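> Just passing along the structure, written as structure tokens.
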Amino acid sequence: MRKILFLFIFVMSAGMFSQSDQIALIPKPQSLELKKGTFKIDENITLYFEPEFEIAGNFLNDFLQNGAGFQLKKTSEKEADLIFKKDVSQPSEGYILVISNSKITIKASDASGAFYAVQTLRQLLPPQAEAKNPTKKQSFSIPQLTITDYPKFQYRGMHLDCARHFFDKEFVKKYIANLALLKMNYFHWHLTDDQGWRIEIKKYPELTSKGAFREETLIGHYNDTPQKFDGKRYGGFYTQEDIKEVVAFAAKHNVTIIPEIEMPGHAQAAISAYPELGCTGTQIPVATTWGVFEDIFCPKEETFTFLENVLSDVIPLFPSEYIHIGGDEAPKLQWKNCAHCQKLIKDKNLKDEHGLQSYFIQRIEKFVNSKGKKIIGWDEILEGGLAPNATVMSWRGMQGGIDAAKEKHDVIMTPTSHSYFDYYQSDNPDEPLAIGGFVPLKKVYSFNPIPKELNAEESKYILGAQANLWTEYIQNEKQVEYMVFPRILAMSEVTWSGPSENLEKDYPDFVTRVEAFMPRLDSLNINYANHLYELEG
Ligand code: TNX
């Protein structure tokens, strides 16, 4: 009944989508005008693209090769049936896709726009086109239409914590490919934490030989009694060759990878490998439980040298203009008890340990800026004074982002309330164990990254939003996907199409498209949660 009602509302409110079985575009384009008739894509269709649109053109041909068993033959602009045309009047990352009875024309002003036109074209093909290696050549009929589209936000991100649990490079590539399908453009790769250091650093081999492995893992809730350990040595890391491979893969998917190297907190794995980086100098193990730990980097010269050497190794691996330096959850007890830290506070005329953290981050920022890159930090970097060029990721709610925007700093919104996909998505008692919060699909869909506290001028500093997947309780790939899908579909629509202005109307329409999208997720072999869309959260 619910389904019929949704379909009814859907057809009434968006006549353009009346072929809902076929058209389930996510994120929803800014405008879509459906025409009568279809266009047949088969091996006789020819292709033209300018060199600037090579990534998009190649993606389309690789996609068709895999899913339909043929490629489009390249020909001249005049003769081609499917052409990519440069059109400087299109907005950044935007495109126009026109499918007529005889031609497909894609117009874009930049490579991203052309790439996203291809993702839309891909979603117009039936889900079977996503399945790999057909036994015989396929052909597909797609509707004639005109789509005019562009993103509301320039930053549309998804995060994955590969430190608490390790996911191999093949899975990370699949994760990135799925972002591309949804027109998301940033992958925030959480590479270091208390429970594991996951990126090879040539100068410091013990970061990975020791710091990438822990003796055993806590299973069960923070408050479970008795707590249990699984008794298994656990770990893994990415070599620099692995990283290069993933970065190259991301580039072909128009995704920028932002690496995160955590400091000064969440550093226990690094300190376990090199105890001199801590304030106590004692040998500690890689953490085996979850939470926030007292052992953090000590603001000594040798620590700064270490971090600068690490960053010098990391920066050339990633084309991203941003490097994420963490900055969250750094307890200050050890800095309170460390004579060197107290002397530094006095010498540099700092207010207290928060001032010292600000000094720490600013020093790192200077170094990162000197390499031509910008830092992003979690909202704790506001405490004690922001580093001059830092972008703030607001996670403990929206307030950090509001404060940063008022100080004219760029902001990425990632509040726990709407974008923590490690939180429960349903109230079903059979849900797999998760961290305590509750973020159902509708809650994600209701997200507006622009807080009402900001005026139009200040709102410009909100670059966009990101969902985070922390993996304390997420032990395998299937569970990663279960937590991410379908909630990421909502985040993609919020950040690309824009926040809903009429939830009661838009949400049922979205859910109908989510349901129609599921066969595509099946074809892509993605595990997803397919229940309880009504929860308000
Ligand atoms: C807080 S979000 C953290 C992470 C945890 C997460 C669990 C942030 C900057 N820090 O270290 O994994 O909560 O939800």
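Each value in this text was obtained by applying a stated rule to the coordinates, not by laboratory testing. As the structure is a computational prediction, the values presented were derived from the model and not from experiment. In this analysis, Cβ positions are derived from the backbone assuming ideal geometry, glycine residues included, and neighbour counts consider all displayed protein chains.
> Going through segment 42-118, which trypsin sites (Lys or Arg not before Pro) have at most 16 other Cβ atoms within 10 Å and a DSSP loop state?
78, 103
> Then there is this: Under a 5 Å amide H to amide H cut-off, with H placed in plane at 1.01 Å, what residues pair with residue 238 once short-range neighbours are removed?
Hits under the 5 Å cutoff: 199, 200.
> Working from the pairwise distances between different alpha carbons, so that the mean of 1/r is found and then inverted, what is the chain's Kirkwood radius in Å?
24.5 Å
> If you take every DSSP beta bridge fully contained in the chain, what fraction is antiparallel? Give it as a percent rounded to 5.
Within the chain, antiparallel bridges account for around 40 percent of the total.
> I've got another one for you. Do the alpha carbons of any pairs in 244/373; 36/74; 152/252; 36/136 sit beyond 21 Å of each other, and which pairs? Spell out each step's value before the answer.
Numbers: 244/373 18 Å; 36/74 28 Å; 152/252 23 Å; 36/136 29 Å.
Cα-Cα > 21 Å for 36/74; 152/252; 36/136; rest within.
> Just checking the chain: which Cys have no other cysteine's beta-carbon under 4.7 Å?
Taking the Cβ cut-off of 4.7 Å, the unpaired cysteines of the chain are 162.
> Another question, then. In the calculated pair distance distribution of segment 131-171, what percentage of Cα-Cα distances lie above 13 Å?
79 percent
> Also, I was wondering about something else. Listing 82, 344, 160 from the residue with the fewest other Cβ atoms within 10 Å to the one with the most, what is the order?
Neighbour counts put them in this order, fewest first: 344, 82, 160.
> Please list the non-local residues whose amide H lies under 5 Å from the amide H of residue 87, H modeled 1.01 Å from N, same-chain partners needing a gap of 5 or more.
108, 109
> So what's the back-of-envelope 222 nm ellipticity for the chain, counting only DSSP H runs of four-plus at -39500 (n - 2.57) apiece and dividing by all residues, rounded to 500?
Estimated from H runs of four or more residues: -10000 deg cm²/dmol.
> Here's a follow-up. Hey, can you rank 483-489, 443-449 by average C-beta count inside 10 Å, highest first? List each step's numbers first, then the result.
On the way: 483-489: 25.3, 443-449: 22.1.
Descending mean neighbour count gives 483-489, 443-449.
> How big is the gap, in Å, between the Cα center of segment 132-167 and the Cα center of segment 305-362?
Value for the Cα centre distance between the two parts: 38 Å.
> Give me the lysines in straight-line cross-link reach of residue 346: C-alpha distance below 24 Å, same-chain residues under 8 apart excluded.
Straight-distance partners of residue 346: 300, 332, 336, 366.
> Still on this structure, please answer the following. Through the Karplus equation 6.51 cos²θ - 1.76 cosθ + 1.60, θ set to phi - 60°, convert the phi angles of segment 398-406 into ³J(HN,Hα) values in whole Hz; use x for Gly and Pro.
Whole-Hz 3J(HN,Hα) from phi for segment 398-406: 9, 4, x, x, 5, 4, 5, 5, 5.
> In addition: From the phi angles alone, apply the Karplus equation (6.51, -1.76, 1.60; θ = phi - 60°) to segment 235-252 and give each ³J(HN,Hα) in whole Hz, x where the residue is Gly or Pro.
Per residue, the Karplus-derived 3J(HN,Hα) values read x, x, 7, 9, 6, 5, 5, 4, 4, 4, 4, 5, 4, 5, 4, 4, 4, 5 Hz.
> Give the residue list of trypsin sites (Lys or Arg not before Pro) in segment 315-373 that are DSSP loop and have at most 16 other beta-carbon atoms within 10 angstrom.
In loop regions of segment 315-373 (DSSP not H, G, I, E or B), the sparsely surrounded trypsin sites (Lys or Arg not before Pro) are 348, 351, 371.
> With θ set to phi - 60°, apply the Karplus curve 6.51 cos²θ - 1.76 cosθ + 1.60 along segment 157-174 and write out the HN-Hα couplings as whole Hz, x wherever there is a Gly or Pro.
Working through the residues one at a time gives x, 9, 10, 9, 8, 9, 8, 5, 10, 9, 10, 6, 5, 5, 5, 4, 5, 4 Hz.
> Continuing with this model, one more query. For the ranges 59-67, 312-320, what's the packing order if you count other beta-carbon atoms within 10 Å of each residue, average per peptide, and put the highest first? Please report the intermediate quantities before stating the final value.
On the way: 59-67: 18.7, 312-320: 16.7.
Those peptides, ordered most packed to least, come out 59-67, 312-320.
> Moving on. For segment 173-259, max minus min Cα coordinate along each principal axis, in Å, sorted largest first?
Principal extents (largest minus smallest coordinate, Cα): 46, 34, 16 Å.
> In the structure shown, do any of 202/460; 73/132; 408/505; 173/505 have a Cα-Cα gap over 28 Å, and if so which?
202/460; 408/505; 173/505
> Tell me which GluC sites (Glu not before Pro) from segment 458-506 have a DSSP coil assignment and no more than 16 other beta carbons within 10 Å of their own.
Answer by residue number: 501.
> While we're looking at this one, here's another question. Tell me the relative contact order for the chain as a rounded percent, counting alpha carbon contacts under 8 Å between residues six or more apart.
Relative contact order here is 15 percent.
> Quick one: order 148, 303, 135 by neighbouring beta-carbon count within 10 Å, fewest to most.
Ranking 148, 303, 135 by Cβ neighbours within 10 Å, fewest first, gives 135, 148, 303.
> Return the long-range amide H neighbours of residue 219 (sequence gap of 5 or more, or a different chain), with a cut-off of under 5 Å between placed amide H atoms.
Sorted by chain and number, the residues that satisfy this are 228, 229, 230.
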